[in-house]
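In what follows, a single structure is set out as structure tokens and then discussed.
The values are calculated or read from the model by the stated rules, or taken from the named source; none is laboratory data. The shown structure was predicted, so the numbers you read here are calculated from the model rather than taken from an experiment. Glycine also receives a Cβ, built like all others from the backbone with ideal geometry; neighbour counts cover every protein chain displayed.
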Amino acid sequence: MPRRERVMRMSVEQPLWRALTGYRVLTMVYAVGLFISACNKFERPWLAVAYFAFLAGWTLVTLPKVANAASCTKRFLAADLTVALVGILLTRFADSTARVEAGGPTLPSIWTAGAVLAFAIKGGWRWAAFASTLVAVANLLHRGAPTRDTIHNVLLVWVASIAIGYVVEVARASERTLARALEIEAATRERERLARDIHDSVLQVLAMVQRRGTALGGEAAELGRMAGEQEVALRTLVSGGLVPVSRISEDAAEGALVRAVEEPDAPDTTDDAAGPLDLRTLLAPYAGAKVTLSEPGNPVPLVPSAARELAAAVGAALDNVRKHAGDGARAWILVEDWPDEIIVTVRDDGPGIPEGRLAQAEGEGRLGVALSIRGRLRDIGGTAELISVPGQGTEVELKVPKASEGPKDARGKAEKR
């Protein structure tokens, strides 16, 4: 199955554009109604009628322009603000002088704020400051002299538009940060998955070649040395990894883009819908002369993909026993089926792990415990606890909830949270 790319667009601005669309229509209706209620007081009502006819047509025709940031171009913003400014300045010619000097409303009234808010949502607080300043100048020219009401209205529009513009800029920065964080998280999870697979196969083979080659000597020793060098290089690669450069939309105002690549399902993880799998059947092959398996008499059901991850973690723990506790060490696997969770304990009688050794190993790129055990359990919603006392062996306790999902579903729910 080919790789699939899922694109998620995040934008907190889109609700603002929808609100602006409704605001423009409502304020246009309000301005027309305000004129109709006082049309007999106008000295040149025909001039106001002509302007309102144009304003109504302009508002309805340009609704698609304020549907999103991409369609709201600079040319449209300039034309829209011009319509508002012309309406303010035209009020003195259409209305009576007494009404103008008494502080009567301008022809566009509060429709003007919609033009300024479009600047704020599109370009941020600087664009909002520019547009609201032009509106302030037009209002002062219309009144002829600054009054308390005029200054109050001008400051209200100025502060409100700048505040909205600033909030939009902060929202854009937050979206880009969130997109980057989600992409890093996805890359980290994928790197951990690959590191687990490599640790369980390639790295252990290279380590074995190094040990056997050194023991045999001669040309085999040189081969072992080369295998050791490749093991170190590969550990460095999987522990460091590469995080792809974050990608955002061409127009940042549309919101950040997150591209998540979905890997094709492995052949053994496609049967979750077929029903639970008995964990005992996956752990049975680990039993042997030096490994004792204690399990319940009844089946231990678990989602197939989660059961396989749990069994793989048990296998990684046994690999650590063979590698670090010596060939003569014994191990015990205990499976406990509780009402709400399954607990698998792996215990050995080896020398134990010195304090601080796990942190040191992780720093050196040896991620067997961090990825092959804890990473697997984390991906299926479980936990892994390691208890080791020098001279008294090591105990690894793996807990998985009964309602555990497969690794892919668990990661999906974690990303939604």
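Looking at Val291, is it crowded, with 22+ Cβ neighbours inside 10 Å and either touching a Lys or Arg at 6+ places or on another chain (Cβ under 6 Å) or at negative phi (or both)? No, not satisfied.
Considering each of Trp125, Trp111, Trp58 in turn, give the residue that is aromatic (Phe, Trp, Tyr), over 20 Å from Val168 (Cα atoms) and surrounded by fewer than 21 Cβ atoms within 10 Å (Cβ to Cβ). It is Trp58. In the range 406-414, is there at least one residue being at pLDDT 80 or above and either surrounded by fewer than 16 Cβ atoms within 10 Å (Cβ to Cβ) or under 26 Å from Ala287 (Cα atoms) (or both)? Taking every residue of the range 406-414 in turn, none turns out to be at pLDDT 80 or above and either surrounded by fewer than 16 Cβ atoms within 10 Å (Cβ to Cβ) or under 26 Å from Ala287 (Cα atoms) (or both). Do you know which residues across the range 64-83 are part of a helix (DSSP H, G or I) and more than 26 Å from Asn139 (Cβ to Cβ)? Scanning the range 64-83 gives a single hit, Pro64. The residues on offer are Leu60, Leu55, Leu16, and the sole one that is at pLDDT below 90, part of a helix (DSSP H, G or I), closer than 24 Å to Ser161 by Cβ and not basic (Lys, Arg) is Leu16.
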